[in-house]
Amino acid sequence: MDLAKPVVFSVHAREKMLDRGATEGEVMTAIRTGSPEPARKGRRMFRKNFPFNDQWRGKRYAVRQVAPVVTEEADRLVVVTVFAFYF
């Protein structure tokens with residue numbers, strides 16, 4: 001996967017970012033510097049932990065892990081969904 005390609009977000013990915021609390025900056029950082037792993041349908045997931053030290057849905061967490069799922073097209077990378085995990 002060519003990580004130098006421009007990154008675009010699907011509508012679904014933007015909705016999930018809002019639902020799960022991830023920011024566009026975190027997603028971009030996860031893609032560029034996170035740990036890659038295989039995902040379904042030949043896609044890649046990139047996991048990256050970020051300091052959080054805040055509340056999410058009524059509970060306090062120290063870390064938010066952002067994990068975008070990306071597919072590669074000829075001229076761009078498309079974020080198809082975004083997961084967020086809290087620890």
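The values are calculated or read from the model by the stated rules, or taken from the named source; none is laboratory data. Remember, predicted model here, so these are calculated numbers, not experimental data. Virtual Cβ from ideal backbone geometry, glycine too; neighbours counted across all protein chains shown. When the accessible area is computed, the model is the full protein with side chains, heavy atoms only, and any ligands, DNA or RNA have been set aside. Shrake-Rupley method; radii C 1.70, N 1.55, O 1.52, S 1.80 Å.
List of remarks:
- Odd one out for ALA30 among (1) within 15 Å of MET1 (Cα to Cα); (2) touching a residue at least 60 places away in the same chain (Cβ under 8 Å): (2)
- Any hit, the stretch 38-56, residues being without any contact (Cβ under 8 Å) to a residue 12 or more places away in the chain and polar (S, T, N, Q): yes
- Of the criteria (1) of a type in the set (Phe, Trp, Tyr); (2) over 11 Å from the mean Cα position of the chain (by Cα); (3) open to solvent by less than 20 Å² (accessible area, probe 1.4 Å), which one PHE46 fails: (2)
- Checked against (1) closer than 16 Å to PRO6 by Cα; (2) touching a residue at least 24 places away in the same chain (Cβ under 8 Å); (3) not hydroxyl-bearing (Ser, Thr, Tyr), VAL82 passes all but condition (1).
- The stretch 62-87 - residue that is polar (S, T, N, Q) and buried (at least 17 other Cβ atoms within 10 Å of the Cβ) and, of those, farthest from LYS48 (Cα to Cα): THR81
- Of the strands (runs of 3 or more DSSP E) that lie entirely inside the chain, those containing 2 or more residues that are out of contact with any Leu (no Cβ under 9 Å at 6 or more places or on another chain) span 35-38, 44-56, 59-72, 77-86.
- The stretch 17-27, subset touching a helix residue (DSSP H, G or I) at 6+ places or on another chain (Cβ under 9 Å) and either at positive phi or without any contact (Cβ under 8 Å) to a residue 60 or more places away in the chain (or both), residue least open to solvent (accessible area, probe 1.4 Å): VAL27
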